[in-house]
Amino acid sequence: MSALLVFASCRHAIAEHWAGSADPSHWLRAAQLEPANAENWYRLGRYRQLDFENSDLSQATAYYQRATQVDPGPARYWLDLAETYETTGHLAQAEDTFRKAQQAYPISADVAWRLGNFLLRQGREQEAFQQIHKAVSVDPKLTPLAVSLCWRSTQDIDLILRAALPAEPEVDWDAIQFFLDQTQPDAAFAVWKRLMTEQPSFPISKAFRLLDQLIETGRADDTLIVWQQALSVAGITPTTGPPHSLIWDGGFEGQLLNGGLAWRYRPEAGFQMDLDEGTVHSGSRSLRVFFDGSQNVDFGHLWQYVVVQPNTRYSFSAYLRTEDLTTDSGIRFEITEANPRSEQRVMTPGAAGTQPWSLDEITFTTGPTTRLLQVTLRRTPSTELLVNKIRGTAWVDDVAFVPAPEPSPAQR
């Protein structure tokens, strides 16, 4: 008995020595010396399958088969055998082997993913999506790959959501990001609608990228829906203002959210913007812009998008105050269509020099297709050659944008 143990021990040691060699020819010696070691056969199969210069798929298949015969437990043995079957055109055997991998490891995301990919390559979309759904449920990090794969197969977003992607907030957010990367706002909005049924929790800023693309592509109604739902999820309530005003936080009582349908801003040299609690027209704060006199600023760095109706008359108003605001070009509001191809543009009279709080207003009618406007606090560059660098301070408060009654015949 001791002699047998010594012999077995020596054989195992020699087999390990050959298996640890960098020379693949030694691996076969190890497998032959210790044929009950399935890992040696599997390693030989990988070598014959993947090595570019020594590829031999029939030999790889034989080695994988031997590995699964010795130890049918590891799913990776079955998976690689299945792929060699598929590569060599033995599709029925490939599917049967993928199924055996899933029997060996039924909760594996990798097994479900590779089986789903195989089924999709065979044009069996519904079955493939079921496996992809299983894979993503186990490993949500697969979501971007899953969405990409399914979208290439079918651009039926309802089918993808129903069959391939589990209804989980993490999965839906990854899907939304994928569709935004592909500039597919309709698909992204479809995922958003499902997300809203899942009682998600997130900060308002997480919705800004979707809102940006909806605005850029002119989807006014979808923009308004996403904005209102995102505010509700984030627990943000609108500040008080004139009834029916379309401006968000026209009194600057809340924080500048810098996205969505709220005030947006962009810092740049030549001026500073902040919220001022010491100088207000009403409420507790106003917006202050201080120009430092270093540049002839082309200022349009505070703006807000507004969803409107076409062929509708609106009244825009704001209160402005200025102090020592130099140059011939002061501060005013400019209203343009969010669509850059449109030429519709109106501007308020504005203010310069030193003026107390004054109403700055304009009434206008939107165009026949207008749905999104951009309201911008504006200072156009001075045309003066010598004295054109603006210095001084401007305050803004109580901005409002409300539907206006049509003028009477006498007023027209």
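The values are calculated or read from the model by the stated rules, or taken from the named source; none is laboratory data. Worth saying up front: this structure is predicted, and the values here are computed from it rather than measured. Cβ: placed from backbone, ideal geometry, glycine included. Neighbour counts: every protein chain shown. Ligands, DNA and RNA are excluded from the accessible area calculation, which covers all protein heavy atoms including side chains. Shrake-Rupley method; radii C 1.70, N 1.55, O 1.52, S 1.80 Å.
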Among residues of the range 358-412, those that are part of a loop (DSSP other than H, G, I, E, B) and either open to solvent by less than 50 Å² (accessible area, probe 1.4 Å) or free of Cβ contacts under 8 Å to residues at least 60 places away in the same chain (or both), counted = 20
message = Regarding the range 24-37, can at least one residue be identified that is of a type in the set (A, V, I, L, M, F, W, C), at pLDDT 65 or above and within 30 Å of residue 119 (Cα to Cα)?
response = no
Neighbours by Cβ (under 7 Å, 6+ apart or cross-chain): first from the range 108-119, hydrophobic (A, V, I, L, M, F, W, C); second in a loop (DSSP other than H, G, I, E, B) = 109/139; 111/105
ask   = What residue, among those in the range 327-357 that are free of Cβ contacts under 8 Å to residues at least 12 places away in the same chain and basic (Lys, Arg), is least open to solvent (accessible area, probe 1.4 Å)?
value = 345
message = On the basis of being among the hydroxyl-bearing types (Ser, Thr, Tyr), closer than 29 Å to residue 404 by Cα, modelled with pLDDT of 95 or more and surrounded by 19 or more Cβ atoms within 10 Å (Cβ to Cβ), does residue 265 make the cut?
response = no
query = So how many residues does the range 283-313 have that are open to solvent by less than 60 Å² (accessible area, probe 1.4 Å), in contact with a strand residue (DSSP E or B) (Cβ under 7 Å, 6 or more places away or on another chain) and under 19 Å from residue 332 (Cβ atoms)?
reply = 13
task = Mind listing whichever residues of the range 184-215 are in contact with a helix residue (DSSP H, G or I) (Cβ under 8 Å, 6 or more places away or on another chain) and within 21 Å of residue 256 (Cβ to Cβ)?
result = 202, 203, 204, 206, 207, 209, 210, 211, 214, 215
ask   = Right, residue 51: of a type in the set (Asp, Glu) and at pLDDT 85 or above or not?
value = no
note = Taking the range 135-164 and the residues there that are closer than 18 Å to residue 192 by Cβ and among the polar types (S, T, N, Q), the one that is most open to solvent (accessible area, probe 1.4 Å) would be 155
query = Of the residues in the range 205-258, how many are within 30 Å of residue 181 (Cβ to Cβ), part of a loop (DSSP other than H, G, I, E, B), in contact (Cβ under 8 Å) with a residue 40 or more places away in the chain and open to solvent by 70 Å² or more (accessible area, probe 1.4 Å)?
reply = 0
query = Any idea which of 306, 226, 297 is more than 26 Å from residue 372 (Cα to Cα) and of a type in the set (A, V, I, L, M)?
reply = 297
query = All but one of (1) in contact (Cβ under 8 Å) with a residue 24 or more places away in the chain; (2) open to solvent by 10 Å² or more (accessible area, probe 1.4 Å); (3) under 25 Å from residue 230 (Cα atoms) hold for residue 317; which doesn't?
reply = (3)
